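The values are calculated or read from the model by the stated rules, or taken from the named source; none is laboratory data. Since this is a predicted model, take the numbers as computed values, not measurements. Using ideal geometry, Cβ is built from the backbone for each residue, glycine included, and neighbour counts are taken over all protein chains shown.
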Amino acid sequence: MRTGPVETVSAEDRDNSRLGGGAVAAPGVLVILGASGDLTKRLLMPALYNLVCDGLLPEACAVIGMARRSLDTTAFREQQRQDIQRFHTRRDFDADRWAWLESRLHYTAGDFSDPEAYARLRDLVLAVGGDCGAAGNTLLYLAISPEFFQTVNGLLDGAGFTRLPGRRKIIVEKPFGKDLPSAVALNRSLLTHWREDEIYRIDHYLGKETVQNLLAFRMANGIFAPLWNAAHIDHIQISATETVGVETRGEYYDKTGVVRDMLQNHLMQMLAYVCMELPVSLHPSAVRDEKSRLLRSVRLLDPTAVARDCVRGQYGAGTKADGAVVSGYRQEPNVDPNSNTPTYAAIKLHLDNDRWAGMPVYLRSGKSLWKRGTEIVVQFRPQAGDGGEPNVLIFHIQPFQGVEIRIQAKRPGPAFDLQRAGMRFDYAETFEATRGTGYEVLLYSAFNGDPTLFSRTDFVEAGWRIVQPVLDLWNETRADDFPNYMAGTWGPLAAHALLARDDRRWHECITREVLLRSEFFSHAPAVLLNNLTLACQPRAVKAGATVVERGEQSSDLYVVCRGELEALDEDGRRLGGVKEGECFGEMALLDNRPRNATVRAVSPCDLLVLAATDFRRIVEDFPEAEAQFRRIAERRR
């Protein structure tokens, strides 16, 4: 096994260690093994092109591709020239900047199991690096399937790559194993050939500016420091939801599932940044030490805790927000028609340390849900005796990027009445930045020998220890209720029950776009929509559940996001239906009278609920909203 310091960063590296300030990256040769694959053309090459456009790659740099495809350098450059036209992320394509990068592309064909191919690759690296002045900083990017890692690392070592002069880095794409034993075996294999400070495990989530901004937010805004503990924070939610299903990735996903695909890596990274102790400096070892220490503090789940505090789901057929009908998971290409693979997971964790003892953290992720979004919600404890809504801090990671604080504010007028209000920082409105792939900052950091944003062995293995009990129990037991949520919905009802049991609820970050799907709000002014996004609360109900009873005096307004309901008279006869995009309960509110019908769910439904007090406040502030409600209700009758 290779030995050496856990982390070493030279003075030169520290001078160039962060993306920003216009500092050009250190000279180097980037070798991409698997250069003919999707990762290279869709992400790596566009990221390199973006670095060139931003003036962050040095004159002394080169990119060498190796793959099985029988190409020469000229053909490789031509292929990349065609692909970059399709996959670049900038508003306009700069042919001159691309030509600069293209002139630095090289290629050698070779089978990954052929020792002679690695000897040719080594000679090409030495020659190209010497010619362009980039020798002494070699980056070996494994853009290949993990099943080849052990073979490729052994042959790289045999060809002398681990003994090249200067600095060497091996960049490894996730997944870092498929479970704890395989992750440990992979790490031991890597450490047989490379030192820890030479191994760069890449998670593209850490290339997102908003994820990096979590650490900046905590370190640079001291007003939150005294509140960042369980005495002031009630709980934290971390959500990563997708509208797409598995589509063409069925063969991969059916062996992987949501826990391996999202929770073990992406969500653990965000958990660490939000909850870790602030490092004494931004030196890579200081940051990575605190991240690993945080994961080690997570209380491991026993089988009883997994059964009680973890929810799994799998989507069935449904409709997307645009009305498109989509298949269930088991009907997707290359998926076992009896698959037990979860496409949704929600878990409750506890951190056993002084800062967070007694405060739960809820993680969830899923496919084919109602909206795409990654958010971290920090809900503070309400002030004693005020009876008001708790303050909430929301980090929006994607697609909207920003930070939002929800507070209470006095309404205009002589009375001292409070209502919810929001303050929002929008990343796009504050910074002038071009959309990237998420790999730019990671490649830049790798050139500079800065491992801060890359996962260390202890962090990877700590993450697997947390989720391994979940994987074990779910592998041993079949989910009899799969599929248990329809595509396009908020997920399985059991996930809502998980938080309801603790007298909490998931924060569904409702946007204007969600409200505009309903004709009731399609022409509403922006200020009204802003009020509604803060006031509406989500509610999920199962088929057959009664939402309101005839004769009830308490009145709320309900908007149907997904599913269908029916109105029944006093004898249980059907009066009519309520479909997606429609609402009900508005006339009972407007006329201040009891409900004139029972409303029952025909199918599983996702609803937005506007409490009576909020409804009356809004129609008082926006008389045109009341008129619109009356017009639509009359038309429905």
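Hey, among the residues in segment 333-370 that are under 21 Å from Asp309 (Cα atoms) and β-branched (Val, Ile, Thr), which one's farthest from the chain's Cα centre (by Cα)?
Step by step, filter segment 333-370, then rank; the result is Thr341.
Considering only residues that are of a type in the set (A, V, I, L, M, F, W, C) and in a strand (DSSP E or B), which ones fall in segment 305-319?
Within segment 305-319, Cys310, Val311 qualify.
I need every pair where a residue in segment 563-584 that is in the same structural domain as Glu626 (by TED's automatic domain parsing) and without any contact (Cβ under 8 Å) to a residue 60 or more places away in the chain has its Cβ under 7 Å from the Cβ of a residue that is among the hydroxyl-bearing types (Ser, Thr, Tyr) and surrounded by fewer than 18 Cβ atoms within 10 Å (Cβ to Cβ), sequence separation at least 6 or different chains.
Sorted first by the residue in segment 563-584, then by its partner, the pairs are Glu564/Ser603.
Name the residue that is surrounded by the fewest Cβ atoms within 10 Å (Cβ to Cβ), counting only residues in segment 607-624 that are touching a strand residue (DSSP E or B) at 6+ places or on another chain (Cβ under 7 Å) and part of a helix (DSSP H, G or I). Break it down into steps so the answer makes sense when it comes.
Applying the first criterion (touching a strand residue (DSSP E or B) at 6+ places or on another chain (Cβ under 7 Å)) to segment 607-624 yields 607-610, 615, 617.
Imposing the further condition that a residue be part of a helix (DSSP H, G or I) reduces the set to 615, 617.
Details: Phe615: 23, Arg617: 16.
Per the stated criteria, the residue is Arg617.
One line per residue, one yes/no per condition, for (1) of a type outside the set (S, T, N, Q); (2) modelled with pLDDT under 95:
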site	(1), (2)
Arg406	yes, yes
Gly413	yes, yes
Asp417	yes, yes
Ala421	yes, yes
Asp426	yes, yes
Thr437	no, yes
Val460	yes, no
Glu476	yes, no
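Inside segment 348-405, can you point out the residues that are in contact with a Lys or Arg (Cβ under 7 Å, 6 or more places away or on another chain), in a loop (DSSP other than H, G, I, E, B), outside the structural domain of Lys291 (by TED's automatic domain parsing) and of a type in the set (D, E, K, R)?
Within segment 348-405, Glu389 is the sole residue that qualifies.
With the condition kept exactly as written, say whether any residue in segment 57-75 is over 20 Å from Ala446 (Cα atoms), surrounded by fewer than 21 Cβ atoms within 10 Å (Cβ to Cβ) and without any contact (Cβ under 8 Å) to a residue 24 or more places away in the chain.
yes
Just give me the residues in segment 334-390 being farther than 22 Å from Gly491 by Cβ, small (Gly, Ala, Ser) and either in contact (Cβ under 8 Å) with a residue 40 or more places away in the chain or in contact with a His (Cβ under 6 Å, 6 or more places away or on another chain) (or both), in sequence order.
If the condition is that a residue be farther than 22 Å from Gly491 by Cβ, small (Gly, Ala, Ser) and either in contact (Cβ under 8 Å) with a residue 40 or more places away in the chain or in contact with a His (Cβ under 6 Å, 6 or more places away or on another chain) (or both), then Ala357, Gly358 are the ones that fit.
Residue by residue through segment 180-201, note down the ones that are in contact with a strand residue (DSSP E or B) (Cβ under 6 Å, 6 or more places away or on another chain) and either part of a helix (DSSP H, G or I) or hydrophobic (A, V, I, L, M, F, W, C) (or both).
Leu190, Trp194, Glu198, Ile199
Being outside the structural domain of Pro469 (by TED's automatic domain parsing), surrounded by fewer than 20 Cβ atoms within 10 Å (Cβ to Cβ) and aliphatic (A, V, I, L, M), is that true of even one residue in segment 209-228?
no
Which residue out of Leu156, Leu105, Leu139 is of a type in the set (A, V, I, L, M, F, W, C), under 20 Å from Arg69 (Cβ atoms), touching a Lys or Arg at 6+ places or on another chain (Cβ under 8 Å) and crowded, with 18+ Cβ neighbours inside 10 Å?
Answer to the selection: Leu105.
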